[in-house]
Structure formats: C-alpha cells, structure tokens
Amino acid sequence: MFKSIPGYLLIVLAISGFVFLSPVLSEDEEPTHLFTDDEAKQLRYSDKEWDKEVIPKPPPDTLDRPSIIIEEPDLVSTDKGSEIVAVTPTNFFIILKQNDSPLDMGTLQVWGEKFFFKLDVTGRVLKYLKTTKDGAILHAKSIHIPKGHYKVGVSIADINGNKIERKYRLKVE
C-alpha cells in the first residue's frame, strides 16, 4: 500500500499526524504556572535557609478525617520532612480521600509559603480537580514551577469540619 509513497513523505505524514492528534493548548489557554517568576523570588529558599527548614512529621492519618496522598511527582521522606522532588514542568497526581464523611470541596487550599509569607494558588489548580466516589483527584499535567526550593501545603476538610493539612518541602530541578 505504501510502496508508491516516498520515504520522506511517510515521515512528514507521520509527524503531521502526531502533531495533529497530540493534545495542545488552545490559543487563549496559557500553561499553568504554580508560581510566577516574581512569586518564586518571594517563595524560594536560599541553600542556607533550605538546610535549616524542617517540616515536622504530620500526625498519622485517621478514619475521622480526609487523607492526602501524593502519587506524582516523587515524595521522599527525609530527616527534614516529606519532600516532593520534581523537574519542571511536572505532573501532579494527588488523591484527596474522604473517610467517614464526604469532602467539602470548597475548603480545598493549595499554597506556597516562606516564613510568614503565604501565597494561595488554589485557583490555579481547580481546573484539574475531579471528584470521585471516594473523594477527589487533582491530576495536573505540565505544571511550570521555577527551579528552586519551596515549602508548599495542601488542606481540605470534610462536610463535618474534620480537616487535614499537609506541608511539604518542594525541590524543583
């Protein structure tokens, strides 16, 4: 069937088909930046600050409140706390699991912080949030984060007011 089509034309057709069928941003859609460059300057820890920054170990999960499970990017346990290790752009796959009561999606918060400065970025990730029968999934692809060291947090409550809050060290390479 393809014997009469020159090899270079097959390659052009294959590349064109790949580009045409690949998901792309619409003309008016910007890629999602967790932090802008200016925000990153405010939130980024210097190497010296980062060496001193410790996140206390969170209390264990219990059945009376939701759970936050980070599947992607990698989450490692260090002597300075739970650390997310990412390369920009990165994908996030976070499971927000309800336990005794359904989640109150209006209580979701996602933020970056440095010392006393806190930046709420919840609105930037809401479009990636999907509710499930067990809670919700935040699945965001190709999120841009300037390289550096940050502290980030996620919190959510259920309809009875039982809240979970988790903070993480975030290392972006």
Scan of segment 61-111 for residues that are within 15 Å of H149 (Cα to Cα) and among the hydrophobic types (A, V, I, L, M, F, W, C), ordered by number: L75, V76, I84, V85, A86, V87, W111
Count - residues of segment 138-168 that are within 11 Å of the chain's Cα centre (by Cα) and either farther than 27 Å from L63 by Cα or among the aliphatic types (A, V, I, L, M) (or both): 9
Tally, over segment 31-54, of residues that are assigned to a loop (DSSP other than H, G, I, E, B), under 19 Å from V85 (Cβ atoms) and touching a Lys or Arg at 6+ places or on another chain (Cβ under 8 Å): 4
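Restricting to segment 55-95, name every residue that is touching a residue at least 40 places away in the same chain (Cβ under 8 Å), in a loop (DSSP other than H, G, I, E, B) and more than 16 Å from Y128 (Cβ to Cβ). Outline the logic, then answer.
We begin by selecting, within segment 55-95, every residue touching a residue at least 40 places away in the same chain (Cβ under 8 Å); these are 55, 58, 61, 64-68, 70, 75, 78, 80-95.
Still in the list and also in a loop (DSSP other than H, G, I, E, B): 55, 58, 61, 64-66, 80, 87-89.
I55, P58, D61, D64, R65, P66, K80, V87, T88 - these are the residues of segment 55-95 that are touching a residue at least 40 places away in the same chain (Cβ under 8 Å), in a loop (DSSP other than H, G, I, E, B) and more than 16 Å from Y128 (Cβ to Cβ).
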Output for segment 112-124, where each listed residue is under 30 Å from K48 (Cα atoms) and either under 14 Å from the mean Cα position of the chain (by Cα) or of a type in the set (D, E) (or both): G112, E113, D120, V121, T122, R124
Listing of strands (runs of 3 or more DSSP E) fully contained in segment 132-173 that carry 3 or more residues being closer than 13 Å to M105 by Cα: 135-143, 148-158
Residue in segment 79-101 that is of a type in the set (S, T, Y) and either touching a helix residue (DSSP H, G or I) at 6+ places or on another chain (Cβ under 8 Å) or loosely packed, with under 15 Cβ neighbours inside 10 Å (or both) present: no
Evaluation of K118 against (1) closer than 20 Å to T36 by Cβ; (2) exposed (fewer than 13 other Cβ atoms within 10 Å of the Cβ) (one fails), failing number: (2)
Residues of segment 36-50 satisfying the condition of being loosely packed, with under 14 Cβ neighbours inside 10 Å, within 16 Å of I145 (Cα to Cα) and among the acidic types (D, E): D37, D38
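Here, each number is a calculation from the coordinates, and none is a lab measurement. Computed from a predicted model, the values in this text were never measured in an experiment. As a convention, Cβ positions derive from the backbone with ideal geometry for all residues, glycine included, and neighbour counts pool all protein chains shown.
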